[in-house]
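Student: One structure is given below, represented as structure tokens, and several questions about it will come after.
The values are calculated or read from the model by the stated rules, or taken from the named source; none is laboratory data. Small disclaimer: the values here were computed from a predicted structure and weren't measured. We place every Cβ from the backbone using ideal geometry, glycine too, and count neighbours over all the protein chains shown. Remember, those area values only see protein heavy atoms, side chains included, never the ligands or the DNA or RNA. Shrake-Rupley method; radii C 1.70, N 1.55, O 1.52, S 1.80 Å.
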Amino acid sequence: MIIVTGAAGFIGSCLISRLNKENFNAIVAVDKFGNKEKNENLVGKKIMRNVDREQFFPWLDDNYEEVEFIFHIGARTDTAEFDKKLLWELNTNYTKEIWKRCINYQIPLVYASSAATYGLGELGYDDSEQIIHDLQPLNPYGESKNEFDKWAIDQDQIPFFWGGLKFFNVYGPNEYHKYRMASVVMHSFYQIQKSGEMKLFRSHHPKFKDGEQMRDFIYVKDVVEACIFLMHHRKNSGIYNLGSGKARSFLDLTRAVFRAMSVEENISFIDTPHDIRDKYQYFTEANMAKLRSIGFDHKFHSLEEGVIDYVKNYLAHKTYY
């Protein structure tokens with residue numbers, strides 16, 4: 001059995017689809033399953049059983065001998081969530097409990113970290129474990145992810161294989177339920193569909209023109225390829241960046257959505273809200289050398305290729321991956 005936590009969510013459900021394509025059908029899906037819209041992500045997928053997040057540890061204690069691998073993708077991912085107790089419980093402490101069981105039961109583990117751990121990028125975007133203790137995340141979500149990364153690299157007892165993946169700006173199908181936290185691609189599509197225009201945040205940084213704020217956007221289909229690679233690879237444990245490796249501007253992204261929709265470009269700018277203005281990342285770009293160095297040679301979608309696939313094959317028809 002392969003366990004996927006966060007199974008009904010964006011990346012978790014896409015990972016299950018990709019596992020099914022390799023005929024891994026004995027999937028144990030772990031989530032809360034209380035959100036009907038999220039559960040749509042799992043329709044048609046081959047899943048052996050659903051396990052409620054709060055029942056997962058007793059279930060694993062009873063069934064560990066049948067478990068081959070754990071993908072811990074589930075987390076509270078709202079970057080505007082300021083309930084630190086909640087974030088530490090769901091993101092940091094829950095992951096520690098999974099880690100301990102992976103040691104005791106000899107189960108390999110891949111878990112989701114985040115590029116939010118890098119803060120403003122003062123130390124760059126290299127996935128060297130030497131800098132993890134010095135990173136300064138901008139919000140409690142990033143802190144909760146970095147706290148676990150710090151804890152993991154300090155452990156003497158470790159699973160026989162483990163990998164933490166620092167997801168950069170992931171976009172793609174199965175994020176319909178995310179609303180405010182969905183990707184700019186999805187927001188652009190619906191705004192353009194409704195009004196024929198897209199409003200982007202104005203730059204409040206002297207080094208960046210409006211719309212030229214840059215992010216490392218990565219298509220979810222590329223993210224799940226990296227997960228599959230590590231499941232088969234099972235050596236070179238550690239923390240890895242997972243982005244495209246190339247920063248692109250929000251203007252690039254929005255223009256790609258207009259082209260994919262065959263709509264004439266119409267972009268304007270609005271002020272970045274004051275409550276996030278001082279915590280706004282103007283540039284992110286994953287150094288991908290570390291993951292490439294252990295044999296991951298998958299060719300990523302370009303931003304334009306990913307947007308075209310997402311818009312034409314999913315958003316336009318509200319279909320799922």
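Student: Tell me, yes or no, whether the stretch 198-219 has at least one residue that is in a helix (DSSP H, G or I) and open to solvent by 10 Å² or more (accessible area, probe 1.4 Å).
Tutor: The initial filter retains those residues of the stretch 198-219 that are in a helix (DSSP H, G or I), namely none.
For the stretch 198-219, residues in a helix (DSSP H, G or I) and open to solvent by 10 Å² or more (accessible area, probe 1.4 Å): absent.
Conditions tested, residue by residue: (1) out of contact with any helix residue (DSSP H, G or I) (no Cβ under 9 Å at 6 or more places or on another chain); (2) surrounded by fewer than 18 Cβ atoms within 10 Å (Cβ to Cβ); (3) within 21 Å of Val220 (Cβ to Cβ).
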| residue | (1), (2), (3) |
| --- | --- |
| Cys14 | no, no, yes |
| Ala29 | no, no, yes |
| Asn35 | no, yes, yes |
| Glu40 | no, yes, yes |
| Lys46 | no, yes, yes |
| Glu54 | yes, yes, no |
| Phe57 | no, yes, no |
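Student: Go through Ser203, Ser183, Ser195, Ser188 for me and flag whichever is farther than 20 Å from Ala260 by Cα and of a type in the set (Ser, Thr, Tyr). Working first, answer last.
Tutor: On the way: Ser183 fails: farther than 20 Å from Ala260 by Cα; Ser195 fails: farther than 20 Å from Ala260 by Cα; Ser188 fails: farther than 20 Å from Ala260 by Cα.
That would be Ser203, the only listed residue that is farther than 20 Å from Ala260 by Cα and of a type in the set (Ser, Thr, Tyr).
Student: Follow-up. Pull up the stretch 157-173, narrow it to residues that are within 19 Å of Asn236 (Cβ to Cβ) and not hydrophobic (A, V, I, L, M, F, W, C), then point me to the one that is most open to solvent (accessible area, probe 1.4 Å).
Tutor: Gln157
Student: Hey, another quick one. Go through the residues of the stretch 117-124 one by one and say whether even a single one is at negative phi, modelled with pLDDT under 95 and touching a Ser or Thr at 6+ places or on another chain (Cβ under 6 Å).
Tutor: No, the conditions are met nowhere in the stretch 117-124.
Student: Could you pull out the residue among Lys221, Lys207, Lys178 that is charged (D, E, K, R) and either over 24 Å from Ile16 (Cα atoms) or free of Cβ contacts under 8 Å to residues at least 24 places away in the same chain (or both)?
Tutor: Testing whether each residue is charged (D, E, K, R) and either over 24 Å from Ile16 (Cα atoms) or free of Cβ contacts under 8 Å to residues at least 24 places away in the same chain (or both) leaves just Lys207.
Student: Out of everything in the stretch 282-294 that is open to solvent by 40 Å² or more (accessible area, probe 1.4 Å) and under 21 Å from the mean Cα position of the chain (by Cα), what residue ends up being nearest to Ser237 (Cα to Cα)?
Tutor: Lys290
Student: Quickly run through the stretch 105-138 and pick out the residues that are open to solvent by 30 Å² or more (accessible area, probe 1.4 Å) and under 16 Å from Gly238 (Cα atoms).
Tutor: Hits for the stretch 105-138 are Asp126, Ser128, Glu129, Gln130, Ile131, His133.
Student: Of the residues Tyr141, Tyr176, which is under 30 Å from Asn266 (Cα atoms), in contact with a helix residue (DSSP H, G or I) (Cβ under 8 Å, 6 or more places away or on another chain) and surrounded by 15 or more Cβ atoms within 10 Å (Cβ to Cβ)?
Tutor: Of Tyr141, Tyr176, the one residue that is under 30 Å from Asn266 (Cα atoms), in contact with a helix residue (DSSP H, G or I) (Cβ under 8 Å, 6 or more places away or on another chain) and surrounded by 15 or more Cβ atoms within 10 Å (Cβ to Cβ) is Tyr176.
Student: Sticking with this structure for a sec: Going through the stretch 59-94 one residue at a time, which ones are modelled with pLDDT of 95 or more, under 21 Å from Val223 (Cα atoms) and surrounded by 13 or more Cβ atoms within 10 Å (Cβ to Cβ)?
Tutor: Matches in the stretch 59-94: Phe69, Ile70, Phe71, His72, Ile73.
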